[in-house]
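Working notes, structure below.
The values are calculated or read from the model by the stated rules, or taken from the named source; none is laboratory data. Everything numeric in this text was worked out from a predicted model, so none of it was measured. FYI the Cβ positions are ideal-geometry reconstructions off the backbone, even for glycines, and counts take in every protein chain you see.
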Amino acid sequence: MSESSRIRAAAARTLSAILGGRSLDAAMSRFEPPVEQVALYKALVYHSVRWQPRLSRLAGLLLDRPLRARDRVIDALLQVGLCQLSVMNAADHAAVSETVNAARDLGKPGLAGLVNGVLRKYLRVRDTLEAELDRDPVAASAHPGWMLDVLREDWPERWREIVAGGNLQAPMWLRVNRTRISARDYLQELNDRGHEATLSAWVDDGIRLDKPCAVEELPGFGQGRVSVQDGASQLASQLLAPVAGQRVLDACAAPGGKTGHLLELAGGDIDLLALDRDSQRLRKVDETLERLGWTAVTRTADAASPGDWWDGKPFQRILLDTPCSGSGVIRRHPDIKLLRRRSDIDDLAGRQKALLDGLWPTLDRGGLMLYCSCSVYRQENQQQIDRFVNSHSDAELLPLSDRLRGRFGDGRGPGFQVFPGEEEMDGFFYALLRKSSVATD
């Protein structure tokens, strides 16, 4: 079999693993395609996962009857094949023949004829099937029904925009280490090396690449001059704005992007504690700090239980990048659409409440806490902050629209919401809370 068919077989195995409950990153880590095939493998996987709710409906319309459970990988292969024809605009003959050969690579030679028949049937009735899919809300949006229901309720005027933004391919953003070089000067270095990029109008240290590249191609990446971080994520530390000499807490720190940014913003002159309750993920924080050349105290602990880790000395700044649904970063992690369930949102909201309530006593009077999430759901964002402010008389919600300076997002409710794709950024929510400088009853 050809290398091309083997890559399609690997993509089918990856999609099948994700449909079985494995995350996209974990499923992709099981395969190491040849260097010259990496781009094709990633494209097949990401497009197939991103459009899976549509591709699954399409395969169902083309099959006379559902495949047996033991042939689940062939169901995934059909979706990979249909993705090439329906989404990726691959050459018909090559897409069909190599996908058919992939069935043999998967140890299912007896089903190669079925794969051939389904794909060729699609080519004969493509326009009719695509029109039928466009009338089905789940297939048309490539989002599960429960997500559409939540988005319609939360954002009746913008839910279509949110869905469309989630189906786009995310650009590669860089955060320039301002203590080493300015963003403008680093942009010139990129241009000199043939990388076209744009300075952000809203993110102080942000640059957006026109085309993604390997980090090894970024000047000074290994020496900490630049990091990969979406613009919306960079805004979190920028809004918290730590000042030299302050004690700062990064409450849910892994993998460490915001930890490093906090240090860069203050020139390294802050007393920073970075927490995460996952010791393996916390190691990534240590690795990030080592690459950037910064030092901070890192500790495995549950930020919601300060009795287990807090020394009683208050923080002047707290960054709470809370665990959430990830509904604002679906364009980067399309497997969220396949793995997340509606019941997860209630569980996450409970966790968010525990973190807010648990951390508030550790904040100094007059200090600032930035609550942020990469979610677009009100239950995790506006409703969470509304509840917190109403139950804490010493909490003041500060306006953010002026600080963000941009003509984007929605700041009409508690906090500020950026939607996926706005200014080429991920979906993110921010709420800046100040603790009263005078004790209140």
task: Would you please list the contacts, defined by Cβ atoms under 7 Å and residues six or more apart or on different chains, that run from a residue in the range 112-138 that is within 21 Å of V100 (Cα to Cα) and in the same structural domain as L63 (by TED's automatic domain parsing) to a residue that is among the acidic types (D, E) and assigned to a helix (DSSP H, G or I)?
output: L123/D92
- prompt: Looking at the range 389-402, is at least one residue of a type in the set (G, A, S) and at pLDDT below 95?
  reply: yes
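Among the candidates D75, D92, D64, which residue alone is charged (D, E, K, R), more than 20 Å from T128 (Cα to Cα) and assigned by TED's automatic domain parsing to the domain that holds D134?
Checking each option against the conditions leaves just D75.
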message: Can you find a residue that is crowded, with 17+ Cβ neighbours inside 10 Å and within 18 Å of the chain's Cα centre (by Cα) anywhere in the range 175-191?
response: yes
message: For the range 341-377, which positions are closer than 16 Å to F416 by Cα and in contact with a Phe, Trp or Tyr (Cβ under 8 Å, 6 or more places away or on another chain)?
response: M369, L370, Y371, C372, S373, C374, S375, V376
query: surrounded by fewer than 21 Cβ atoms within 10 Å (Cβ to Cβ) and either basic (K, R) or modelled with pLDDT of 95 or more (or both): does that describe R65?
result: yes
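Only one of these is within 24 Å of D410 (Cα to Cα), in the same structural domain as L273 (by TED's automatic domain parsing) and either surrounded by fewer than 17 Cβ atoms within 10 Å (Cβ to Cβ) or among the acidic types (D, E) (or both): A241, A236. Name it.
A241
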query: Quick check, is Q384 assigned to a helix (DSSP H, G or I) and either over 25 Å from the mean Cα position of the chain (by Cα) or not β-branched (V, I, T) (or both)?
result: yes
query: Among the numbered criteria (1) farther than 30 Å from S56 by Cα; (2) at pLDDT 95 or above, which single criterion is violated by I162?
result: (1)
field: Residue within the range 354-363 that is touching a Lys or Arg at 6+ places or on another chain (Cβ under 6 Å) and in a loop (DSSP other than H, G, I, E, B) present
entry: no
statement: Per the filter on the range 14-27, residues out of contact with any Ser or Thr (no Cβ under 6 Å at 6 or more places or on another chain) and either among the hydrophobic types (A, V, I, L, M, F, W, C) or buried (at least 20 other Cβ atoms within 10 Å of the Cβ) (or both) are T14, S16, A17, I18, L19, L24, A26
message: Any residue in the range 410-431 that is under 22 Å from L319 (Cα atoms) and assigned by TED's automatic domain parsing to the domain that holds L235 sitting within a Cβ distance under 7 Å of a residue that is of a type in the set (D, E) and modelled with pLDDT of 95 or more? List the pairs, counting only those 6 or more apart or interchain.
response: P414/D386; F419/E161; P420/D426; M425/D230; D426/D230
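Here's the yes/no breakdown for (1) in contact (Cβ under 8 Å) with a residue 12 or more places away in the chain; (2) under 17 Å from A253 (Cβ atoms); (3) charged (D, E, K, R); (4) touching a His at 6+ places or on another chain (Cβ under 6 Å):
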site: C324; (1), (2), (3), (4): yes, yes, no, no
site: V329; (1), (2), (3), (4): yes, no, no, no
site: D335; (1), (2), (3), (4): yes, no, yes, no
site: L339; (1), (2), (3), (4): yes, no, no, no
site: L348; (1), (2), (3), (4): yes, no, no, no
site: R351; (1), (2), (3), (4): yes, yes, yes, no
site: L370; (1), (2), (3), (4): yes, yes, no, no
site: R378; (1), (2), (3), (4): yes, no, yes, no
site: Q382; (1), (2), (3), (4): yes, no, no, no
task: Return yes or no: is S141 in contact (Cβ under 8 Å) with a residue 12 or more places away in the chain, farther than 26 Å from A39 by Cβ and polar (S, T, N, Q)?
output: yes
